[in-house]
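A quick write-up on the structure given underneath.
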Amino acid sequence: MLEEHTPEYYRARQARGLDNDWSADRKSDEDERREAAIAWGDALSERGWFAPQWPKEYGGAGMTPMEQFILAYERTAAGAPQVGGNGLSMLGPTLIVHGTDEQKSRVLPGILSGEIMWAQGYSEPGAGSDLASLQTRAVRDGDEWVINGQKIWTSNAHHADALFVLVRTDPNAPKHRGISFMLLPEIKTPGLSVRPLINMGWEHGFNETFFEDVRTRGDNVVGDVDRGWYVGMTLLDYERSNISGAITVRRRLDLLREYLGTEDGRKRARRSPTLRAELADRYVETEVGQNFSFRIISMQNSGLIPNYEASTAKMFISEITQAATRTGTRIFGLYSNLWDEDDERAPLFALYTQRYVLDVPRTIAAGTSEVQRNIIATRGLGLPRA
């Protein structure tokens, strides 16, 4: 299936070591990008693989954790993107557990068809790693809720059709209580503005979102009012192994090794026993990363819940991703100052130069390495918190 249906657009990007963003592609003004996203989503839907982790009664594939792992492994190796975004991986599983029948029938079909993309409104300027400190406020007004506040790092909000948010509905309750989980089915609702945040690689992936008297229906609360913290922490996507990250690093190293064997690569590379050993170390680390992933999926397939093991894999793979880009830039020396991928002097389409910058957030996003080390220390090694 992957050989026959992975669009050429995605194969070509994989051949250059580039990431794919299906959520952005489906809204692109470029015909090739948009058509590739639609074709890939349709190919998965025809086989019932669009939502591999969802139960079959809700339109998913009902795959076991091991089956999900195998699909993710092969999909990443083929260069095909993950689909569905936060709606598929976060909102859908949350609704399946906590949503009403009406909410499920209203929201889940749009996620499964790929027609409705949801963005996540969790983090705030003063509530990042300490998310429970969020202050965006929702007040009941008759049959509606009125929301005021700000969210930040709202991934793909500029491509999204809808938004789900955590808001504070009881400011007097302890901070983990008094929070509710709400749906905003129309992101272009009055009072809600999305402003771009451009990263240091000149990419637009994040946004800040502002709420000024934004209204949503009273029945758009998922679960109980003031109990949204526990709703928001629901996650039934068993693919926590991060195998996609390990395979991506390995693929980029393969591209680097193959390029160094070409005439162009020999001209632009610094060659030394130290750099050769460093590249070999990166390969060894990808094998270690894959074994961390295998450990997690083996636990999940046996009915166990990974805890510090998931933190170990996340931290290790995010850090070897950065290490691989540092190695690449050292190998190319001064040529690593060339950013433009179309510059004929830029080695490997400036892949490692750009990744050096774009991979900086790897050890921050989805839980910083510092947070992961604390989890490993306390839950894995039994060390005291102080």
Please find, within segment 350-385, the residue that is least open to solvent (accessible area, probe 1.4 Å) out of those that are small (G, A, S) and closer than 16 Å to S318 by Cα. S369
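Considering each residue of segment 99-125, count those that are over 22 Å from the mean Cα position of the chain (by Cα) and open to solvent by 10 Å² or more (accessible area, probe 1.4 Å), and give that number. Show your work before the answer.
So the first thing to find is which residues in segment 99-125 are over 22 Å from the mean Cα position of the chain (by Cα), and the list is 99-106.
Cutting the leftovers down to open to solvent by 10 Å² or more (accessible area, probe 1.4 Å) gives us 99-102, 104-106.
The total comes to 7.
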Of the residues in segment 183-196, how many are within 16 Å of Y122 (Cβ to Cβ) and open to solvent by 40 Å² or more (accessible area, probe 1.4 Å)? 1
Out of curiosity, is E67 over 28 Å from E102 (Cα atoms), open to solvent by 70 Å² or more (accessible area, probe 1.4 Å) and at pLDDT 95 or above? no
Of everything in segment 15-55 that's out of contact with any helix residue (DSSP H, G or I) (no Cβ under 7 Å at 6 or more places or on another chain) and among the aliphatic types (A, V, I, L, M), which residue is surrounded by the fewest Cβ atoms within 10 Å (Cβ to Cβ)? A15
Identify the single condition in (1) of a type outside the set (D, E); (2) in a loop (DSSP other than H, G, I, E, B); (3) over 25 Å from D281 (Cβ atoms) that A365 does not satisfy, given that it satisfies every other one. (3)
So which residues in segment 11-39 are within 26 Å of A61 (Cα to Cα) and either within 18 Å of the chain's Cα centre (by Cα) or assigned to a loop (DSSP other than H, G, I, E, B) (or both), if there are any at all? D19, N20, D21, W22, S23, A24, D25, R26, K27, A37
Residues of segment 270-291 satisfying the condition of being in a helix (DSSP H, G or I), more than 24 Å from the chain's Cα centre (by Cα) and among the basic types (K, R): R276
All but one of (1) modelled with pLDDT of 95 or more; (2) in contact with a helix residue (DSSP H, G or I) (Cβ under 8 Å, 6 or more places away or on another chain) hold for T248; state the number of the condition that does not hold. (1)
Would you mention how many residues in segment 317-326 are open to solvent by less than 50 Å² (accessible area, probe 1.4 Å) and under 19 Å from the mean Cα position of the chain (by Cα)? 5
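The values are calculated or read from the model by the stated rules, or taken from the named source; none is laboratory data. Keep in mind it's a predicted model, so treat the numbers as computed, not measured. Virtual Cβ from ideal backbone geometry, glycine too; neighbours counted across all protein chains shown. Accessible surface is based on the protein model in full, side chains and every heavy atom, while ligands, DNA and RNA are left aside. Shrake-Rupley method; radii C 1.70, N 1.55, O 1.52, S 1.80 Å.
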